[in-house]
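Below is one structure, written out as structure tokens; the observations come after it.
The values are calculated or read from the model by the stated rules, or taken from the named source; none is laboratory data. Given the structure is predicted, the values throughout are model-derived calculations rather than measurements. Cβ placement follows ideal geometry from the backbone for every residue including glycine, while neighbour counts extend to all protein chains displayed.
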């Protein structure tokens with residue numbers, strides 16, 4: 001059959017691209033325009049083989065073989081078939097299982113059934129060598145493509161290179177057509193004196209700003225040098241209460257300031273002071289069934305999964321549906337803390353984009369800060385004075 005087929009080892013393709021552009025094979029460091037990538041693969045395969053494309057097979061891995069958003073976007077593109085192996089945890093790192101075997105089986109089956117005359121392999125794994133030999137015995141021409149390696153490194157099996165009929169190297173210019181570096185936001189302000197405005201708001205205890213009748217003024221807290229973490233806030237919790245309440249809680253070690261976890265949110269208990277934004281509705285409460293369907297469609301087709309982008313998308317939807325922007329202004333009294341119910345919903349939404357893969361069922365700490373930074377960035381663009389406040393809170397602002 002005078003057609004060509006492209007088999008792509010996604011781990012090799014994206015890992016090699018990241019190594020070349022970033023210096024490390026971390027796929028999370030690059031963002032891929034999959035539609036451009038697929039078009040580039042098809043264009044080059046048809047040009048080099050002189051045959052029309054039958055199909056592009058995309059081989060990748062995912063936890064429990066459940067497709068991630070990028071896989072769902074890929075499999076709806078024309079002439080693309082996605083095959084998934086398992087992504088498992090072994091010795092503290094993620095390992096692909098079944099991807100090589102799936103590529104070998106597909107290559108052998110295509111050749112045995114004479115489904116194509118030429119096969120383009122984008123891989124570097126020597127485990128595919130028996131499949132290449134079998135395909136050649138059935139009269140299939142094998143084209144092996146490599147990505148330009150960083151610093152002159154060799155990123156393909158020499159045996160695989162020696163067995164291929166044709167070999168091409170995809171250079172940096174070709175790679176940069178469909179990949180770009182992800183912007184990693186600076187979430188932690190640099191240590192040092194902080195400007196007036198947000199710094200004063202973070203440093204001053206809420207009780208000092210809203211003292212109860214007859215309550216003695218609390219002692220001023222030391223100014224924080226960075227955006228407070230949950231631990232920072234928990235350490236400050238006893239200073240935020242009246243002396244009598246603090247004394248009553250002393251046998252239990254003081255009240256615990258609960259923060260949203262990556263697996264949901266935790267209810268507050270008696271000694272904890274509600275924040276100004278706790279009364280605001282969650283996105284789920286504001287979303288109709290029709291909107292929920294449209295949101296999922298957008299997640300699959302348009303959202304790349306960058307942590308800060310995820311936070312901005314969530315915030316945009318929530319802001320658009322909550323109504324008058326005056327209701328949002330109350331959140332700034334609690335910046336940078338997001339109300340705990342809304343924060344839990346935000347992190348659960350982020351988990352849909354594969355961000356749980358960083359650690360065992362937990363979102364990486366840096367990604368959590370980036371997600372929340374994206375939320376505040378979108379909110380700051382909608383609330384009067386919000387952008388100026390965020391600018392003041394940046395390092396050197």
_Residues that are modelled with pLDDT of 75 or more, touching a helix residue (DSSP H, G or I) at 6+ places or on another chain (Cβ under 8 Å) and within 19 Å of residue 281 (Cα to Cα): does segment 353-370 have at least one?_
no
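Tell me, which helices (runs of 4 or more DSSP H) wholly within segment 4-112 include 3 or more residues that are under 28 Å from residue 141 (Cα atoms) and modelled with pLDDT under 90?
On the way: elements: 10-22, 34-49, 69-75, 99-112.
Per the criteria, no element qualifies.
Could you say which residue among 124, 162, 139, 131 is in the same structural domain as residue 22 (by TED's automatic domain parsing), crowded, with 21+ Cβ neighbours inside 10 Å, out of contact with any strand residue (DSSP E or B) (no Cβ under 8 Å at 6 or more places or on another chain) and not in a strand (DSSP E or B)?
Values: 124 fails: out of contact with any strand residue (DSSP E or B) (no Cβ under 8 Å at 6 or more places or on another chain); 162 fails: crowded, with 21+ Cβ neighbours inside 10 Å; 139 fails: crowded, with 21+ Cβ neighbours inside 10 Å.
So the residue among 124, 162, 139, 131 that is in the same structural domain as residue 22 (by TED's automatic domain parsing), crowded, with 21+ Cβ neighbours inside 10 Å, out of contact with any strand residue (DSSP E or B) (no Cβ under 8 Å at 6 or more places or on another chain) and not in a strand (DSSP E or B) is 131.
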*Condition test on residue 126, is it on the phi > 0 side of the Ramachandran plot and free of Cβ contacts under 8 Å to residues at least 40 places away in the same chain?*
no
*Only one of these conditions is not met by residue 91: (1) at positive phi; (2) in contact (Cβ under 8 Å) with a residue 24 or more places away in the chain. Which number is it?*
(2)
